[in-house]
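Taking it in order: structure first as structure tokens, then the write-up.
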DNA sequence: CGCCCGAAAAGTGTATACATTACAGCATAC
DNA sequence: GTATGCTGTAATGTATACACTTTTCGGGCG
């Protein structure tokens, strides 16, 4: 305890005026006093980051939407200071774009940026599976089998949000199996950007196709066929990208019709 | 962040006390709407980030050093607010570690993290050069030749700081030639982390050896020999890593003894 | 009818105030 | 003599105040 002091006073919609002094709850209190399990410090800032992130991924916040600080502050009942921190963090993840003196907006990745993100993913992930072949265990293969079965299950019952999450998680599971946290975090970033891109340039890509790719990749991993795994992964990512509506014309149109000026580059 | 338009004209020497002189922004009543390149000003936040970054890379700030907010604020004559933003940014680059309620410290990457960073670099950069073979132009090869010559020049005259910079820049140049800004930024992050690692686990690696590797890589690129280029890059990165003092014992010892020796052999 | 100008409103940028927490120094107990 | 508890100081976390910019809106004027 000691940290999660935040009472449920959140019921007051406009608790602004009062002395909200107490219950800063602040960050994790994890102090030297040997380790308390305490895995959910849930700093206020982090909570906001996560809320906005999932809101974007789940399409409740569309690209170009302006994120007004005070509004968010009211919703979470914190000061703008905290919201600003959260927005800064989000901007480093490229989910949000900060325009000086104008505000924060949900990012609208350009076509070029989309291309680059997928290119980097291809670079990283092909080598990832190639190397993974040499060190993957049977147990891990089994885990992957379970995962792809979950995927197909989610697809079968048209659980859209679960499906989306699982299809992206597949790549994260691979990264985690590689046992490299740095890589995992990098890829997590790229994947969330990919989600935003997929959302903007609505894919006609059937989830089933992606899922088939995943199965084939797992097959190759099981055979420890590095070359095949790498090639399959490359084709998989290329296929996802190819199925986005990334032709410049379409994007220009979208940009032109949109109230935001998004312009170009990053 | 970073008020791109605040000219730091208000550098009142005694600004701290009381109302910090008026308008930090001296305001320009004109409405110079866009069209102003405005690429230089660099907001105060950015300036601090860069100062601290180079200070770390250039070993003027050793790992473990505490960065007290007010102190930095006084030095740059800004409020803690700005410093805080800068520290947050630095922590996202992993150059600085934020400990809740305790402060900001220059990061001390662990051995495991070091290993992972180099592993990711290998994954990325081997594929990078492999692909680059297919699209590199003669002009670009010439540029690379110039670069490696600069490297050897810097080594010849024992220009340590220039040498270090150029050796790292080589990898950035490759990334830039690839024409992928996302990749370039990713790699820039990894490289600055690598610098910090190299600085912590003092390398006995001779710069000349690295430089030889670079020459060979350029040779392979010129021949458009993708396989060779990839292999050389992999070996190059492995060799840099191998030559760090990464055995766990050494690092524990170093940490235990608080290596405050700044004894840089310069 | 549209356009430009101005003033009010809204929102961001930075500084500062205040509460809270960590830490060092000292005193005290055992 | 070591360990433990108390207290003062310094530093961090959050909220708020205020300046400046952008935006919006309405009226005068072409």
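The values are calculated or read from the model by the stated rules, or taken from the named source; none is laboratory data. Just so it is clear, the structure is predicted and the values come from calculations on it, not from any experiment. Note that we place each Cβ from the backbone using ideal geometry, even for glycine, and neighbour counts take in every protein chain shown.
Which residues, taken from the stretch B:214-228, are surrounded by fewer than 19 Cβ atoms within 10 Å (Cβ to Cβ) and assigned to a helix (DSSP H, G or I)?
So the first thing to find is which residues in the stretch B:214-228 are surrounded by fewer than 19 Cβ atoms within 10 Å (Cβ to Cβ), and the list is B:215-216, B:219, B:222-228.
Answer for the stretch B:214-228, where residues must be surrounded by fewer than 19 Cβ atoms within 10 Å (Cβ to Cβ) and assigned to a helix (DSSP H, G or I): B:215, B:216, B:219, B:222, B:226, B:227, B:228.
In the stretch A:87-113, which residues are closer than 24 Å to residue A:246 by Cβ and over 18 Å from the mean Cα position of the chain (by Cα)?
Matches in the stretch A:87-113: A:111, A:112.
Considering each of A:65, A:97, A:110 in turn, give the residue that is within 13 Å of chain B (Cβ to nearest Cβ), touching a strand residue (DSSP E or B) at 6+ places or on another chain (Cβ under 8 Å) and away from DNA strand D (no atom under 12 Å from the Cβ).
The unique qualifying residue is A:97.
Report whether or not residue B:70 is touching a helix residue (DSSP H, G or I) at 6+ places or on another chain (Cβ under 7 Å), within 11 Å of chain A (Cβ to nearest Cβ) and outside any loop (DSSP other than H, G, I, E, B).
For residue B:70, the condition - touching a helix residue (DSSP H, G or I) at 6+ places or on another chain (Cβ under 7 Å), within 11 Å of chain A (Cβ to nearest Cβ) and outside any loop (DSSP other than H, G, I, E, B) - is not met.
Please determine, by comparing only the residues of the stretch B:174-209 that are within 16 Å of residue B:150 (Cα to Cα) and at pLDDT below 95, which one is surrounded by the most Cβ atoms within 10 Å (Cβ to Cβ).
My answer is B:207.
Could you tell me whether the stretch B:149-161 includes any residue that is within 16 Å of the chain's Cα centre (by Cα) and either under 26 Å from residue A:122 (Cα atoms) or buried (at least 17 other Cβ atoms within 10 Å of the Cβ) (or both)?
Scanning the stretch B:149-161 turns up no residue that is within 16 Å of the chain's Cα centre (by Cα) and either under 26 Å from residue A:122 (Cα atoms) or buried (at least 17 other Cβ atoms within 10 Å of the Cβ) (or both).
Being crowded, with 22+ Cβ neighbours inside 10 Å and more than 8 Å from every other protein chain (Cβ to nearest Cβ) is the filter here; which residues of the stretch B:113-126 pass it?
Selection gives B:114, B:118, B:121, B:125.
So which residues in the stretch A:50-86 are within 13 Å of DNA strand C (Cβ to nearest atom) and within 20 Å of residue A:185 (Cβ to Cβ), if there are any at all?
Within the stretch A:50-86, A:85, A:86 qualify.
Filter the stretch A:200-216 down to the residues that are in contact (Cβ under 8 Å) with a residue 60 or more places away in the chain and more than 17 Å from residue A:169 (Cβ to Cβ) and list them by number.
Within the stretch A:200-216, the first condition is being in contact (Cβ under 8 Å) with a residue 60 or more places away in the chain, and the residues that meet it are A:200-201, A:211, A:214-215.
Correct list: A:200, A:201.
If residue A:197 satisfies all but one of (1) within 14 Å of chain B (Cβ to nearest Cβ); (2) within 24 Å of residue B:126 (Cα to Cα), what's the number of the condition it fails?
The one condition residue A:197 does not meet is (2).
Since residue A:170 meets every condition but one in (1) assigned to a helix (DSSP H, G or I); (2) closer than 19 Å to residue A:114 by Cβ, which condition does it not meet?
(2)
Would you be able to tell me the number of residues in the stretch B:73-105 that are touching a residue at least 40 places away in the same chain (Cβ under 8 Å) and either outside any loop (DSSP other than H, G, I, E, B) or surrounded by fewer than 14 Cβ atoms within 10 Å (Cβ to Cβ) (or both)?
Count: 7.
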